[in-house]
Amino acid sequence: MHDGDLEVIVRQIRSETSEVRSFVLELASGEPLPQFKAGAHVDVFPIPGLSRQYSLVNDAADCSQYVLGVKREPNSRGGSSAMHGNLQEGSRLRISRPKNNFALRENKGRNILLAGGIGVTPLLSMSQALFRRDADFHLHYFVRSNSEMAFRDLITGSEWSSRVNHHFGLVPPLLNDVLEEILRAPNADDLVYLCGPGPFMDVVRSCATSAGWTKDQIVLEHFSAEPPKLEAGADEFVVRLARRGVELIVPSDKSIIEVLREAGIEVQTSCEQGVCGTCVTPVLEGELLHNDLYLSDDEHEEGRLMTLCVSRCKSKLLILDI
Ligand code: FES
């Protein structure tokens, strides 16, 4: 248990769709939970040794409970199936304090919120916060079908339901047409907030860039359930831990994290998909092959940091400052 982690009770579990459940969490004492800002997530530890990140869905002004939305992933590596299979109302659960990589910015222009599937979760609390701020915003919720629309009651019962558009079953090229229309004619103070699966985010980013949105105007959170991508044919290399004086071989079919774990070396991780940044580590030497979505292009270019869960080394030797 890390300092500051919280033990909560699962007060309620609701089926939002056949694949998505929402979990209402409260402190056993009944006291309010720590405050958070819209867009925040918590690390959840559904079983020992496993942590997953889930966004807080509820209104940030109400900390009497946290609400999470979890989609059962067919290729779950333990996280969503543990949440769906092991937890019942009344279960105790360990979570971290809220963290926020997806905070709202201050602007006077439009705010366009684009959600792909379960990526809607942080955008719901952000919509609530923007409404309270009296901001100009609109949420576009892209989902495969009407029956797969999670948090329907929350949206229809909200004061901002008229600011939500649903788009069902859109795939390219129709998806691109709709996005082009939504993203048309950006002004300098407009922002796009984007969360969803990788392919959806890629299409949105490409449409936004073509429409004239700059990188700084696109605020995003990756919501990935895809397994980490190991570069096909990536060669083995040696990883040296400079401070420990340890050298280990990383074979082509294993990640650095796996090799360190097998050697009994603890490195903190969470998503293990190159998304959250928990495993970012300083690098002293090595030609890096970045496979993550967390570090910026500039950080990739500089080569001084890397994610140990998905990234690799193209040169024979990688030296880490740990
Ligand atoms: S554990 Fe999340 S980026 Fe590596």
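What is the local net charge at ASP298, summed over the other residues whose Cβ is closer than 12 Å to its Cβ (Lys, Arg +1; Asp, Glu -1)?
-2
Cα-Cα over 25 Å: which of LYS37/LYS71; LYS215/LYS316; LYS71/LYS314; LYS215/LYS254; LYS37/LYS108; LYS99/LYS254?
As for pairs spanning more than 25 Å Cα to Cα, those are LYS215/LYS316; LYS71/LYS314; LYS215/LYS254; LYS99/LYS254.
Report, in degrees rounded to the nearest 10, the 0 to 90 angle that the Cα long axis of helix 198-211 makes with the longest principal axis of the chain.
For 198-211 against the chain, the angle is about 70 degrees.
Count the net charge of all other residues whose Cβ sits under 12 Å from the Cβ of TYR141, scoring Lys and Arg as +1 and Asp and Glu as -1.
Residues near TYR141 contribute +2 overall.
Convert each backbone phi in the stretch 296-311 into a coupling constant with the Karplus relation 6.51 cos²θ - 1.76 cosθ + 1.60 (shift: θ = phi - 60°), then list the ³J(HN,Hα) values in order as whole Hz, x for Gly and Pro.
7, 4, 4, 5, 4, 4, 5, x, 9, 9, 8, 8, 7, 7, 10, 8
Please report the relative contact order for the stretch 237-320, taking Cα pairs under 8 Å with a sequence separation of at least 6, and give it as a percent rounded to a whole number.
37
Hey, can you grab everything whose amide H is under 5 Å from the amide H of LEU305? Only 5+ residues off in sequence or another chain; H modelled, so Pro and N-termini drop out.
Amide H neighbours of LEU305: VAL283.
Pop a pseudo-label 7 angstrom from the Cα along the beta-carbon direction at both LYS108 and GLU236 and give the gap in nm to one decimal.
Here the modelled spin labels are 6.2 nm apart.
What does the charge count around PRO46 come to, taking other residues whose C-beta lies under 10 Å from its C-beta (Lys +1, Arg +1, Asp -1, Glu -1)?
For residues surrounding PRO46, the net value is +2.
When only DSSP loop residues count, what trypsin sites (Lys or Arg not before Pro) in the stretch 1-57 have their Cβ near at most 16 other Cβ atoms within 10 Å?
Loop-located and lightly packed - LYS37.
Taking neighbour counts of Cβ atoms within 10 Å as a proxy for exposure, in what order, fewest first, do VAL42, VAL120 appear?
Ascending Cβ contact count within 10 Å gives the list VAL42, VAL120.
Give me, ordered by chain and number, the residues 5 or more places off TYR193 or on other chains with an amide H under 5 Å from its own placed amide H.
ILE112, LEU113, LEU114, VAL219
In the stretch 85-182, which GluC sites (Glu not before Pro) are in a loop and have at most 15 other Cβ atoms within 10 Å, using DSSP for the loop call?
Within the stretch 85-182, the qualifying GluC sites (Glu not before Pro) (loop, at most 15 other Cβ atoms within 10 Å) are GLU89, GLU106, GLU159.
Relative contact order (percent) for the chain, with alpha-carbon contacts under 8 angstrom and 6 or more residues of separation?
It rounds to 14 percent for the chain.
If you place +1 on the Cβ of every Lys and Arg and -1 on the Cβ of every Asp and Glu, how big does the dipole about the Cα centre of the chain come out, in debye to the nearest 20?
It comes to approximately 500 debye.
Can you list the residues, at least 5 places off or on another chain, whose amide H is less than 5 Å from the amide H of ARG144, using H built in the peptide plane?
GLY169
If I take every Cα pair under 8 Å that is 6 or more residues apart in the stretch 6-95, average their sequence separation and divide by the length, what percent do I get for the relative contact order?
Once normalised by length, the contact order is 38 percent.
DSSP loop (so not H, G, I, E, B), at most 15 other Cβ within 10 Å: list which trypsin sites (Lys or Arg not before Pro) in the stretch 112-148 pass both filters.
Those that pass, being in a loop and sparsely packed, are ARG133, ARG144.
Bear in mind that the values in this text are calculations on the coordinates, not laboratory data. Computed from a predicted structure; not experimentally measured. As a convention, Cβ positions derive from the backbone with ideal geometry for all residues, glycine included, and neighbour counts pool all protein chains shown.
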